[in-house]
1. Say R0 is 22 Å: what FRET efficiency, to the nearest 0.05, do D342 and H367 get from their beta-carbon distance?
2. Taking R0 as 56 Å, what's the FRET efficiency between D533 and I29 from their Cβ-Cβ distance, rounded to 0.05?
3. What FRET efficiency do you get for N296 and I70 if R0 is 60 Å and r is their Cβ-Cβ distance, rounded to the nearest 0.05?
4. I'd like the chymotrypsin sites (Phe, Trp or Tyr not before Pro) in segment 41-95 restricted to DSSP loop residues with at most 11 other Cβ atoms within 10 Å, sorted by number.
5. State the percentage of accessible surface on segment 117-168 attributable to carbon and sulfur atoms; use a 1.4 Å probe and exclude ligands, DNA and RNA.
6. Over segment 115-160, average the accessible area per residue using a 1.4 Å probe and give it in Å², no decimals.
Amino acid sequence: MDRYQEYNENKRIRIQQYMSIYLLGFLFIITFLFGFHGYYSFPSMNTSSALYSTIRLFLFNFDIPDGSGIAPPITLEIAKWTGVAATNLLVFQLLFKTFSDFMKRHYTTFFGKHTIIIGLNQYSYLLAIDLIKKKQNVIMVAEEDEKSSLKMKLTNNGAVVVSGDPLNYTILQKVRLTRCRTVVLFTFNDDFNMELLYRISILLHKEKRIADLEKNCSIHVHLNDIHMKFLFDRDVTEVEELHSFNQNGQVHFFNLYEIKARKLFHDYPLFSQDLKNEGEGKLPTYKPHILVIGFNDLAKKIVLQAAKIAYYPSGEKLKITIVDRHTKNNATNLRLQYPNIDKVCEVHFIDWNLREASYENATGELHDVTYCVTCMRNKEFDYVNGLQLIKQLNIQEIYIYKPEYFYTSVTHFLKDLRGISHIKEFGNMNDIATEDVIIKQKLDEVAKWSYRIQTRTINNKGNIRVASHSRFDRRKIRWGQKIRTVNNSDRKELTPGVWEHLTHEYKAATISKGDFYPIILHLLHLKAVPMDDISPSHSIVTRGLYREICREQLDLLAKLLHAQWKAVHHLNGWVGASTALLNSQVSNASKGKRDTIKAKSFSNSPDPALVRWDKLNKLSEITGIQYKESYRNEVLAIVDVYDLAGYELVERYES
């Protein structure tokens, strides 16, 4: 929200807030002036008597002097009714002020199906406003010291604001959490959010309402350290109450910076080079190189997201250059948190003071940059910095983070400068803090349908290949048969294709794969367009035509899918299993010691599929799983995935 929008919003709220006060003051003034004038016109009335009788008009007493023989003037008649109106309006305002929150809260929670947002900030405020615009009931739980201006705005827009400590069971009962449709834990303190999640589960178990909640409610938790959701997969089984949530897929985790990074590459894709048909066995030499200006939490998510999806036919590793001050500590912390990152991409840090350094001396290091992102929080400086980059490094487009608070005066001043059209903004919180993104998880639709299709892909033996928590942990089953998946020490029966029953780590890996599909389409000169946006100018690609287009490049695209899958698992801490360990597991399984080959679903787990593409044939001979064929089927199924997700594949024409 820029300065002008914020000004208009505040103006509207002020008008709503003071309109009744202005009306009440107007009625009091009219009553007093007209009443005093009317009474003073009687000969028997002196100043004090006229003033006293005027005040009595507000108490519904209309005094006419006895024996005056004079008809009351019209001003006194007007004052009589305005006095009644003023008194009634004042009483109504006092009652409304006293009981409105109580009545509104009970009305909102009486029918249930309301949304509870815990934690008040700019993002949760925008989420609440988006829900209100869609005619949904919203209750915001905010601590006493949280932003009073946002509380007032929410109240004026129709939300119910409850002040108090969310960790207090009384507050949770007050908002009727057991009857709600959605709970969003939107504070930026991970420990607080996880403690709150635990207390919610305790409350529901105490009230015996967990069964009712499972049918209707979803809980969305913001985490700064997204790895905590993987620990949730492993450790939650020790807590019965939380386990009830987890096994039914009720708990969903999200991170704002991760969403911003995904939206960046969704709106402004990484690719700038097409797949060139240079003959069989010949691959393009394109090598992506990303320049990230400023290193913070958002920049880290951008680096990780790029490392998960930047795979091209050249086979070259993604090169990432990060420019900021004090990069030595940043580099150390990044590699401590993601020890396998160097297996996935080449990360280089350059220690510069961005306000003093010139890029002219860095043309040797940055001459091949293909994608540039700035993550500083000073928007005007980013624009000046971006223009400098365009001029000195010959970069075609630069993507600038749009911070939560900024003023647009400099932007308007710069908008006509040469080169400014090549600067694009991303990270607008109005596009992030919405029901579609946070609650309905629309960004994950492609990944969900990909999983549902892949779990029902028929292999060459006529069985169903079911994806589990790793590609090494697959089951072959018949249609309609239940499968048993391994969730560390816990085992449970699942139906193939149920997205909600997956571990959070497996969901994250599948989501990254869904984010990679647009690159495959781009390499085929295709793109996905929502069905509602299809026009006669689009050349729609049918299922048969898509498979024909893929046929010549099928192995190449399958190889890219395998490289992308390896990168995601390396970043999550997985390591490759040795052939000796694999043979031992297969031998034990064949002797009946284990019903399947088990791969643990958490970091530092061995997985034999983390090998080069050319070694998968040998692995298939040992395990009996046709890995390459699985990837080929997945490439061919992309057209079906997008169709089920509500998209059409169309031919992409270069401008």
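The values are calculated or read from the model by the stated rules, or taken from the named source; none is laboratory data. Keep in mind that what you see is a predicted model, and the values were worked out from it rather than measured. When we count neighbours, we look across all protein chains shown, and the Cβ atoms used for this are built from the backbone with ideal geometry, even at glycine. Areas reflect the complete protein model, heavy atoms only, side chains present, ligands, DNA and RNA absent. Shrake-Rupley method; radii C 1.70, N 1.55, O 1.52, S 1.80 Å.
1. About 0.45, to the nearest 0.05.
2. 0.45
3. Taking R0 as 60 Å, the efficiency between N296 and I70 is 0.15.
4. Filter output for segment 41-95: F60.
5. 46 percent
6. Value returned for segment 115-160: 37 Å² of accessible area per residue.
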